[in-house]
Amino acid sequence: MPAPESARAVKVTPISGFPELLPAERLAELHVLDVIREVFELHGFTPLETRAVEPVERLLGKGGDADKEIYGVTRLAARSDERGGTDGGLGLHFDLTVPFARYVLEHAGRLHFPFRRYQVQRVWRGERPQEGRYREFTQADIDVVDVGELPPHLEAEMPLVVAEAFRRLPVGEFRILVNNRKVPEGFYLGLGLTDVQGTLRVVDKLDKIGAEKVRDLLLEGGATAEQAEQVLALASIRTADTSFVERVRALGVSHPTLDEGLAALAAVVRAGEEQAPGTLVADLAIARGLDYYTGTVYETQLVGAEDWGSVSSGGRYDSLASDGRTTYPGVGISIGVTRLVQLLLARRGLTATRSTPAAVLVAVVDEESRRRSDTVAAALRARGVPCEVAPAAARFGKQIRYADRRGIPYVWFPGAAEDGGDQVKDIRSGAQTDADATTWVCPPADLRPAVVVTAP
RNA sequence: GUGGGUGUAGCUCAGCUGGUAGAGCAUCGCGUUGUGGUCGCGAGGGUCGCGGGUUCAAGUCCCGUCACUCACCCCA
């Protein structure tokens, strides 16, 4: 016989970039998700879910150096020649836009256009994690795609939906920065700079490395001092109204694409002014890394937490979904739910008022009468009151403490009343009153855990 | 992938130029045969990330490795 296994502690360690929440935190996150879903549905977006995997070549197709961030999926038992390679293999999706584009192509015959959908799912990116950046996280996307042409007013609608969701969440002040790819593109071309992508990438670093460094990089990239100045001048324009148009005009550059972009961006900003004053800001430095964006691009930051990066972004894409014959242009915006929630948890003290959905703990007097407690619980549940029955017929003090630890506001005592009926105690105030499980009304504010923030 | 930092109890951390582990908080128990939170007393919980080396002796010094973390890249 082998010696008895020594009780050695099993080491469990977190995996970097795969965040997990405590119960109260998860309840808070669910609240955030509920609000987002509700707003999306109020705007008529239909729910959709796509599989977690796509062919690797499809995931690779639409991005630049996306290959590094894609997680491949293989069976552990697969033969070695089936593994390792990416060609023909499967990968976990790194966003919800690319899978959605595929979905549209695959089901185009059975969808009605313009097609509005929302999608809330986890995505995976094999990046180096750090604060606010994860390898597994949840995105909540809305997109609209149409056949052939996409009306421009949709580009104004997307950020307004996000703004509405954010207004219902304890995120504080926020700004949705908006730009149109055609503005810098036309501007650069008008200046004689042909490397639009390269220039955009440099400009995108502006808030990180500063104007001086950006100027150096532009000069290294072959721009003249004058061109670099103009590029920086454009990027410095940021207005909450349509006055950015005159400011761009004042720079004296002209190009047909620039005109198009300015008109489109002005329309978006104007809609924002009317429907969500102060939330949409034209920021001509916003570039967005993904190169499938062709028109309006969005980026959202919470005021005071700009260093956490964007908590919602997106844009218009005209050729992401195309089968070669028909193209389905779209526009969408994504809320980085995990980043947003982690930010609120870390910086705003976001939490739930309790760590369980239960509003009531039904006490158990002794094990012989547990059935009576079960009956009480059933009556409460039948009327929509979340509750649980105490795990043990311990001293009442312990049962109350059980509820207190979890933030459960009420403890129900079967048979505690003079007449043999029940009593319910609000353990926050200590008030204990006679009650009947078939008629007791739980105060609405206590029915579900509430979400609170403790920091400004 | 590149570079820096850090690994000691569930959490936050002490532990001096080497002498075989400690605090606070948390958890559980008792004080309180059933009504909590305060308070008091007590208990459990550590192969000091892992492996190797130096030494009579390593949490402490050296090498390696892994993990976490920060920055770059990129992005929600």
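The values are calculated or read from the model by the stated rules, or taken from the named source; none is laboratory data. In this text the structure is predicted, and so the values were computed from the model without any measurement. Here the Cβ positions follow ideal geometry from the backbone for every residue, glycine too, while neighbour counts run over all protein chains shown. Protein only, heavy atoms only, side chains kept; ligands, DNA and RNA dropped before computing areas. Shrake-Rupley method; radii C 1.70, N 1.55, O 1.52, S 1.80 Å.
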Nearest-5 percent of antiparallel DSSP beta bridges in the range A:23-351?
90
Name the long-range amide H neighbours of residue A:121: under 5 Å, sequence gap of 5 or more, or other chain; modelled H, no Pro or chain starts.
A:139, A:141
Nearest-5 percent of antiparallel DSSP beta bridges in the range A:360-452?
55
Packing-wise, with mean Cβ within 10 Å as the measure, how do A:225-236, A:121-132 rank, highest first?
A:225-236, A:121-132
Between residue A:224 and residue A:249, the FRET efficiency computed from the C-beta separation at R0 = 30 Å comes out, to the nearest 0.05, as 0.90
How many percent of DSSP beta bridges within the range A:298-444 run antiparallel, rounded to 5?
75
Amide H contacts of residue A:91 (H built 1.01 Å from N, under 5 Å, at least 5 apart or other chain)
A:54, A:56, A:73
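Set the Förster distance to 60 Å, then compute FRET efficiency between residue A:149 and residue A:428 from the Cβ-Cβ distance, nearest 0.05.
Working: r = 58 Å, r/R0 = 0.97.
That pair, residue A:149 with residue A:428, gives E of 0.55.
Could you state the accessible area per residue of the range A:360-452 in Å², with a 1.4 Å probe and every protein chain left in place?
On the way: 4970 Å² over 93 residues.
Using a 1.4 Å probe on heavy atoms only, each residue of the range A:360-452 averages 53 Å².
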Note: the range A:23-351, point scatterers on Cα, Debye, no solvent; log10 I/I(0) at q = 0.08, 0.11 Å⁻¹ equals -0.38, -0.74
Ignoring everything except DSSP H segments at least 4 long, calculate the 222 nm mean residue ellipticity for chain A; use -39,500 (n - 2.57) per segment, divide by total residues, nearest 500.
-11000 deg cm²/dmol
Note down the nm distance, to one decimal, between modelled labels 7 Å out along Cα→Cβ at residue A:445 and at residue A:212.
5.5
Give me the number: length gained by fully extending residue A:73 to residue A:275, i.e. 0.36 nm times residue separation minus the C-alpha to C-alpha distance, one decimal in nm.
68.3 nm
Stokes-Einstein diffusion coefficient for the range A:360-452 at 25 °C in a medium of 0.890 mPa s, Rh from the Kirkwood formula over Cα pairs: what value in µm²/s?
187
With every protein chain in place, what's the accessible area of residue A:185 (1.4 Å probe, Å², nearest 10)?
60
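I'd like the carbon and sulfur percentage of the solvent accessible area for chain A, probe radius 1.4 Å, heavy atoms only, ligands and nucleic acids excluded.
50
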Cα gyration tensor of the range A:284-352 diagonalised, 5x eigenvalues square-rooted, in angstrom largest first, produces semi-axes 31, 14, 7
To the nearest 10 square angstrom, how much accessible area does residue A:249 have with a 1.4 angstrom probe?
110
Report the calculated FRET efficiency for residue A:307 and residue A:26 (r = Cβ-Cβ distance, R0 = 35 Å), to the nearest 0.05.
0.85
